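Read the structure below first, then the notes.
The values are calculated or read from the model by the stated rules, or taken from the named source; none is laboratory data. What you are looking at is a predicted structure, and each value in this text was computed from that prediction instead of being measured. In this analysis, Cβ positions are derived from the backbone assuming ideal geometry, glycine residues included, and neighbour counts consider all displayed protein chains.
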Amino acid sequence: MASPICLMTAFDDGRANMQANDDARAIEQFMRGVERRALRMAEFATRSRDEALDLVQDAMFAFVRNYSTRPGAEWPPLFWRVLDSRLNDWHRRQRVRGRWWFKPGDASGDDDFLSEAPDAREPGPFARMADGEASAALEIALRELPLRQRQAFLLRLWEGLDVADAASAMRCSEGSVKTHLSRALANLRRALEAHR
Amino acid sequence: MNQPHEHENWIERATALLDQSADNLDAETLSRLNRARQAALAQRRVITRRWAWSAGLAGAAVALFGVAVGLHHRFDEPTLGSPTAASTPASDIDFLTSDDDALDLYENLDFYAWLEKHGGDPRG
């Protein structure tokens with residue numbers, strides 16, 4: 001006959017397992033809901049699907065490891081924060097690599113280094129947008145935005161985070177989010193306007 | 001200059017295009033995303049299981065400790081008040097010090113043994 005202690009422990013284990021299963025289902029549903037947009041967001045930043053997949057997987061692992069026990073309402077800004085952190089790290093690594101191998105002494109240290117590149121804006125994508133390939137034009141325009149502007153645009157307007165959550169995800173002030181978003185809209189509109 | 005509604009239309013179109021691009025990912029990419037998600041969740045299951053085991057072991061250890069303390073208390077309690085165990089040294093001392101004859105008997109045990117062996121009576 002099982003002792004009361006064993007029964008209690010088994011009962012606690014069973015209850016913990018049921019709770020864990022519910023939590024696992026909830027977090028899987030959440031991640032399933034955001035993973036495609038996360039991949040596209042990482043792809044805009046890295047311009048490589050493989051790199052983007054690696055970053056998203058890394059973000060998923062870190063998110064599950066660090067934040068899966070938090071209430072579900074807190075997950076969206078936390079997940080995007082983890083991914084944003086990975087994107088920033090990736091950009092820093094690229095910048096260091098570029099500094100050493102391609103453009104020594106050309107690193108300004110700010111977020112606008114992409115817009116300062118000489119071939120930042122090509123007429124090709126805009127011409128394709130006039131032909132109806134708006135998606136490709138938008139993708140290129142987004143890729144050419146500075147990281148922070150692109151993140152502000154994607155998190156606020158595509159992902160639908162409010163200003164406070166976007167600021168939390170980007171680890172900056174709400175004012176910075178508004179500034180980045182305003183600049184992102186201006187730059188994107190300027191890039192696409194000529195093709196309407 | 002753009003009017004506000006034009007601005008919103010443009011944003012709506014942009015987000016719709018982005019949604020479309022996310023919805024139309026190829027099967028291989030979706031499979032890799034699925035594997036990444038499952039791997040992350042498997043990590044969580046390991047963490048949860050380890051936590052459950054730790055909690056269970058901790059609970060069992062606490063329960064075991066409680067039982068041990070209870071049993072120790074239960075077996076010790078009668079002996080604490082028992083004169084045979086706890087007070088034995090004190091009773092020996094009482095025996096040796098309270099009665100002069102008893103002390104005399106104790107000190108001369110060898111003599112009384114010898115006397116008994118030879119059948120004599122020292123008192124007469």
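Taking the conditions exactly as written (on the phi > 0 side of the Ramachandran plot, over 21 Å from the mean Cα position of the chain (by Cα) and modelled with pLDDT under 65), does B:Gly81 satisfy them or not?
Values: on the phi > 0 side of the Ramachandran plot: no; over 21 Å from the mean Cα position of the chain (by Cα): yes; modelled with pLDDT under 65: yes.
Here the answer is no, as B:Gly81 does not meet what is asked.
If a residue has to be free of Cβ contacts under 8 Å to residues at least 12 places away in the same chain and of a type in the set (A, V, I, L, M) to count, how many in segment A:21-69 make the cut?
Here the count works out to 1.
Per-residue answers, yes or no, for (1) under 19 Å from A:Ala166 (Cβ atoms); (2) within 11 Å of chain B (Cβ to nearest Cβ); (3) in contact with an Asp or Glu (Cβ under 6 Å, 6 or more places away or on another chain); (4) of a type outside the set (D, E, K, R):
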| site | (1), (2), (3), (4) |
| --- | --- |
| A:Ala59 | yes, yes, no, yes |
| A:Ala62 | no, yes, no, yes |
| A:Tyr67 | yes, yes, no, yes |
| A:Trp80 | yes, no, no, yes |
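Could you tell me whether A:Ser68 is surrounded by 13 or more Cβ atoms within 10 Å (Cβ to Cβ), at pLDDT below 90 and polar (S, T, N, Q)?
yes
On the given criteria, is B:Leu17 facing chain A (nearest Cβ under 7 Å) and either in a helix (DSSP H, G or I) or modelled with pLDDT of 80 or more (or both)?
It is true that B:Leu17 is facing chain A (nearest Cβ under 7 Å) and either in a helix (DSSP H, G or I) or modelled with pLDDT of 80 or more (or both).
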